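The values are calculated or read from the model by the stated rules, or taken from the named source; none is laboratory data. It should be emphasised that the depicted structure is a prediction, and the values quoted were computed from it without experimental measurement. Because the Cβ atoms are built from the backbone with ideal geometry, glycine has one as well, and the counts that use them run over all protein chains shown.
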Amino acid sequence: MDIKAARYTAEYPADFVVFFIGMRINKIWRVREWVPTLRAAFAMVKELRQLPESPLLESRTMISVRDWRVPLFIQYWRSFDELEAWARNRDLRHRPAQTEFFRRTAYNGNVGVFHETFRVAAGEFEAIYANMPRILLGSAGDFVPLRASASARDRLKARKASLSARG
């Protein structure tokens, strides 16, 4: 990864969606239940990245230090409507994987899945990266150098002013 030795912020010019999706391995020995779920999750991300004009802006996989049994995908999407359309599309991997998950686990408690969705209005976010490669929102949008004295409040105020001037 290309480390950017300085302070940067992320800029994204429109509304977007932050989507957390993950699973929890509740019974480690039930490999036949959690391995297919994890494989399907990675296959869905790969499929999304290969779609022309993909609505997925960025996806990162994280493992919790507190509980290693919780792989988590942090994703940035162009819009909620596109996320929803993808999730419901029977010709893409999500819908069949979802059906198979519930067929396989039948709410037996061996593997859990979850998601959280956040709509973010243009300019209503703040991000800072110091000595980091482009990551998360900084990878989904523009990675912009930041003056050393800028505070979070200043960055939010400047972003709102910039959007108002454009619009």
Item to check | Lone qualifier among PHE101, PHE118 - being of a type in the set (Phe, Trp, Tyr), touching a strand residue (DSSP E or B) at 6+ places or on another chain (Cβ under 7 Å) and within 18 Å of VAL35 (Cβ to Cβ) | outcome: PHE101
Checklist entry - Of the residues that make up region 40-47, is at least one hydrophobic (A, V, I, L, M, F, W, C), under 30 Å from GLU126 (Cβ atoms) and in a loop (DSSP other than H, G, I, E, B)? => result no
Checklist entry - Out of curiosity, is GLU84 of a type outside the set (A, V, I, L, M, F, W, C), in contact (Cβ under 8 Å) with a residue 60 or more places away in the chain and farther than 29 Å from ASP2 by Cβ? => result no
Checklist outcome for this item: So the helices (runs of 4 or more DSSP H) completely within region 48-167 holding 2 or more residues that are among the aliphatic types (A, V, I, L, M), modelled with pLDDT of 90 or more and under 18 Å from the mean Cα position of the chain (by Cα) are 80-88, 137-140
Item to check | Any pair with Cβ under 7 angstrom, 6 or more apart, that starts in region 54-79 at a residue that is under 17 Å from ASP142 (Cα atoms) and free of Cβ contacts under 8 Å to residues at least 60 places away in the same chain and ends at one that is hydroxyl-bearing (Ser, Thr, Tyr) and surrounded by 19 or more Cβ atoms within 10 Å (Cβ to Cβ) | outcome: GLN75/SER59
Checklist outcome for this item: Residue hits (region 14-59; under 17 Å from ARG134 (Cβ atoms) and surrounded by 13 or more Cβ atoms within 10 Å (Cβ to Cβ)) are PHE16, VAL18, LEU56, LEU57, GLU58, SER59
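Okay, residues lined up against (1) exposed (fewer than 15 other Cβ atoms within 10 Å of the Cβ); (2) touching a residue at least 60 places away in the same chain (Cβ under 8 Å); (3) aliphatic (A, V, I, L, M):
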site	(1), (2), (3)
ARG103	yes, no, no
PHE114	yes, yes, no
ILE128	no, yes, yes
SER139	no, yes, no
